[in-house]
Amino acid sequence: MNNTTYSRQTVKYCGELWNVTDNPVLRILWAAETGNIDVVNEMLNKDAELISATDADGYTPLHRASYEGHCQVVEVCKTLF
């Protein structure tokens, strides 16, 4: 998660701003890291393969949720592995 900062639904990564609503991978990673269980559930119900999405460091939604202590998101992610 190096070089990554978050503000609402915008991600700054490697000097570029991305709107997470435009990119499903960034959106699921953002939602997991911020503990947004509603977005996590919505996205995984639409595309369960997003559980395997990774960032530049290889972190998945499960990693990000765990690191930030979002237990509900962790539980949802664990059911898909």
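Some observations on this one:
- So V11, is it at pLDDT below 75 and buried (at least 19 other Cβ atoms within 10 Å of the Cβ): yes
- Where helices (runs of 4 or more DSSP H) fall entirely within the range 14-73, those with at least 3 residues that are at pLDDT 95 or above are at 37-46, 61-68.
- With respect to the stated conditions, T60 is buried (at least 19 other Cβ atoms within 10 Å of the Cβ), of a type in the set (S, T, Y) and in contact with a Ser or Thr (Cβ under 6 Å, 6 or more places away or on another chain).
- Test set (1) closer than 18 Å to T10 by Cα; (2) among the hydroxyl-bearing types (S, T, Y); (3) out of contact with any helix residue (DSSP H, G or I) (no Cβ under 8 Å at 6 or more places or on another chain) - T34 fails condition number: (3)
- Of all residue pairs spaced 6 or more apart or on separate chains, none has beta-carbon atoms under 6 Å together with a first member in the range 52-81 that is within 13 Å of A31 (Cβ to Cβ) and aromatic (F, W, Y) and a second member that is at pLDDT 95 or above and outside any loop (DSSP other than H, G, I, E, B).
The values are calculated or read from the model by the stated rules, or taken from the named source; none is laboratory data. In this text the structure is predicted, and so the values were computed from the model without any measurement. Positions of Cβ are generated from backbone atoms using ideal geometry, with glycine treated the same way; all protein chains shown enter the neighbour counts.
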